[in-house]
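Structure first, commentary second.
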Amino acid sequence: DVVESQEHYKSRWRSIWIMYLTMFLSSVGFSIVIMSVWPYLQKIDPTADASFLGWIIASYSIGQMVASPLFGLWSNYRPRREPLVISTAISVAANCLYAYVHVPHSHNKYYMLTARALVGFGAGNVAVVRSYIAGATSLTERTSAMANTSACQAVGFILGPVFQTCFTLIGEEGVTWKFLCLQLNMYTAPVLFGALLGVINIILIFAIFREHRVDDMGRQYKSINSDGEGSDVLDPNTEGSIDHVAVVALNVLFFVILFVFAVFETIATPLTMDMYSWTRKEAVFYNGIILSAIGIESVIVFMVVKILSKKTGERAILHAGLLIVLVGFFILLPWGKKLPNIQWQEIRNNSIPRTAPSEMLAPFWSLPELQLPSNHTAEPVGCPVTQSWCLNTPMIYLAQYICSDVLIGLGYPVCNVMSYTLYSKVLGPKPQGVYMGWLTASGSGARILGPVFVSQIYTHLGPRWAFSLICGVVVVSLLLLEIVYKRLIAFSVRYGRMQE
């Protein structure tokens, strides 16, 4: 056994902290605009509808899904600094592009789609971050390090909406710099700030990050991509095959976890605008506050599970997390009798009568056309009649929405960190870049299908169908976890090199 020197230990953890920062900035790049994408899309391109919003949100994950295995493979054979710097530079350029999507005279929504896809491509470095942390920590350090990684990701999700909320003070018009063709407003300022953070991240990767690798017992040895940095200790015996049944099962579970959360974060703004008659600015502001509170809750959860997992194990905590998510979506189902306000209803002389059952069940095209004064400039609020379910589906009360937020904010971080931790332990000491790339890709696939699924089902069938189907998906994932429960053990434990 080789005792790790103090210098090596400090260098190893400084590098891990840089990975924490990279994960934080990756999540900020996603969340800093998530609450404002829909109103910004409506502003720059009125032809875009709620269905296209799903593709805008999903484009980030399409880019990440494509990039993750590529960056993961790259990191297995070359110094990790290379994919980290290149990916971050792509994100910086994409954020700058997002700030200029208002400039073209047509097809603006497609420019926004491209910008978000490129930001997602740059976020493929999450696979590199996870694989590095898995290889640079011992088995006893792994759960804590993965929890810290997810906590940094959660802090990014907290501060992203906070930054967005602060930037709403600039307003929708903001300041225009004609010589740069740039409108600095509540929609563009956040992404430019994200680009600045990305530049800082690149500088820190060059200045501080070094390659380190240890085995499950914490003994250091040189990695193939160490670039001459690190120990000359040879790779320990890594004989034994990976349990691919456990690997596939964890990929499926991670897909479900990301899928349900993608549904939740995508639908937040349209749902609250429909149910509570919030304007675009109100929806961005209030949901930013709510998601920030959930993010704080998540960070607390990450700190707690680090301690709790030592007593109960990761598998039991993962099971509990899925149950909490199931309850959260069950509460979100429409249970009352009050119907949501119909769009334009409050500013018409005569509101749409909705008391008669025959009218409540009538198709939306048979209702009287909503006429507005020719000089009317107010923003429409409420549930649009083009969504026919608005006329017969009970509204989701604000208390329901907030309770669901709290439960999902509790269950999601538990599931996220436990699935990553179990996955890295099942893979063992072998290079994990490609495997982490596939796990990240499965999560990205969920982020693709989740927004598209919910935007289509919600738009055409309403929240009752959308959230009922989500509950069914979570139940199936709980059954899968029961089937593979005994196989989700660490590689070294499976081959008797360590005790669980």
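The values are calculated or read from the model by the stated rules, or taken from the named source; none is laboratory data. In this text, all values refer to a predicted model and were calculated from it rather than measured experimentally. Counting neighbours? That spans all protein chains shown, and the Cβs are built from the backbone with ideal geometry, glycine included. Quick note on the areas: whole protein, heavy atoms, side chains included, nothing else; ligands and nucleic acids left out. Shrake-Rupley method; radii C 1.70, N 1.55, O 1.52, S 1.80 Å.
Taken over the Cα atoms of the range 18-102, the convex hull encloses 90 Å³ per residue.
Taking a ≥ b ≥ c as the square roots of the Cα gyration tensor eigenvalues, with a/c under 1.5 meaning rounded and otherwise prolate when a/b beats b/c, else oblate, which class fits the range 1-222? It comes out prolate by the Cα gyration axes.
Straight-distance candidates among the lysines for linking to Lys10, with alpha-carbon spacing under 26 Å and chain neighbours fewer than 8 residues away dropped: Lys222, Lys306, Lys310, Lys425, Lys430.
Answer rounded, prolate or oblate for the range 1-59, using the Cα gyration tensor with square roots of eigenvalues a ≥ b ≥ c: rounded when a/c is under 1.5, else prolate when a/b is larger than b/c, else oblate. Because a/c hits 1.5 or more and a/b exceeds b/c, the range 1-59 counts as prolate. For the chain, the per residue solvent-accessible surface stands at 41 Å², with DNA, RNA and ligands left out and a 1.4 Å probe.
With a cut-off of 12 Å between beta carbons, the residues surrounding Thr459 carry a summed charge of -2, where Lys and Arg count +1 and Asp and Glu -1. Solvent-accessible surface of protein heavy atoms, probed at 1.4 angstrom with all chains present, puts Arg464, Arg12 in the order Arg464, Arg12, largest first.
Remark: spin-label model distance Ala93-Thr114 equals 1.2 nm, labels positioned 7 Å along the Cα→Cβ axis.
Tyr98 sits with roughly 0 Å² accessible to a 1.4 Å probe, with DNA, RNA and ligands left out of the calculation. Computed with every protein chain present, the accessible area of His107 is close to 120 Å² [probe 1.4 Å].
Residue ranking by accessible heavy-atom surface, 1.4 Å probe, largest first, among Val119, Val475 comes out as Val475, Val119. Note on Leu478 and Ile242: their simple-model spin labels are 3.0 nm apart, each label 7 Å out from Cα toward Cβ.
Of the listed values [x] -0.71, -1.18; [y] -0.63, -1.05; [z] -0.81, -1.14, identify the label whose number matches log10 I(q)/I(0) by the Debye sum over Cα atoms at q = 0.09, 0.12 Å⁻¹ calculated from this model. Identified label for the calculated read-out: [y]. Could you please report the charge total around Trp55, scoring K, R as +1 and D, E as -1 over all other residues with beta-carbon less than 10 angstrom from its beta-carbon? Summing Lys/Arg as +1 and Asp/Glu as -1 gives +2.
With all protein chains in place and ligands, DNA and RNA left out, the 1.4 Å accessible area ranks Phe491, Phe157 as Phe157, Phe491, largest first. Extension gain, Phe206 to His105: 0.36 nm times the residue separation minus the Cα-Cα distance gives 32.4 nm.
In this view, the solvent-accessible surface of Glu82, computed with a 1.4 Å probe and all protein chains in place, comes to about 60 Å².
Counting only cysteine Cβ atoms and a cutoff under 4.7 Å, the chain contains unmatched residues Cys96, Cys152, Cys166, Cys181, Cys403, Cys415, Cys471.
A dipole drawn for the chain from +1 and -1 charges on Cβ atoms has a positive end, and of Val126, Gln64, Ala246 the residue lying farthest that way is Ala246.
Expressed as a whole percent, the accessible surface of the chain that belongs to carbon and sulfur atoms is 66, based on a 1.4 Å probe. One chain, two ends: Leu323 and Leu469. Fully extended at 0.36 nm per residue, the span grows by 51.0 nm beyond their Cα-Cα distance. The Cβ shell under 11 Å around Ser150 holds other residues with a net charge of +2, Lys and Arg each +1, Asp and Glu each -1.
Selection among Ile90, Trp55, Leu41 by position relative to the dipole of the range 1-222 gives Ile90 as farthest towards the positive end (Cβ unit charges, Cα centre).
Kindly identify the range 96-193 as rounded, prolate or oblate by the Cα gyration tensor criterion: order the square roots of the eigenvalues as a ≥ b ≥ c, call it rounded if a/c is under 1.5, otherwise compare a/b with b/c, prolate if a/b is larger, else oblate. Here the range 96-193 falls in the prolate category.
Per residue of the chain, what 222 nm ellipticity follows from adding -39500 (n - 2.57) for every DSSP H run with n ≥ 4, rounded to the nearest 500?
-22500 deg cm²/dmol
Gain on full extension, evaluated as 0.36 nm per residue between Tyr485 and Tyr9 minus their Cα-Cα distance, stands at 167.9 nm. The H on the amide N of Cys383, modeled in the peptide plane, is under 5 Å from the matching H of Asn341, Ile342, Gln343, each at least 5 residues off or on a different chain. Computed about the Cα centre, the dipole magnitude for the range 1-222 is approximately 380 debye when only Lys and Arg (+1) and Asp and Glu (-1) carry charge, each at its Cβ.
If only the Cβ of Lys and Arg carry +1 and only the Cβ of Asp and Glu carry -1, the dipole of the chain around its Cα centre is close to 400 debye. Each of Lys310 and Cys403 was given a label point 7 Å from its Cα along the Cα-to-Cβ line. The distance between the two points is 3.6 nm.
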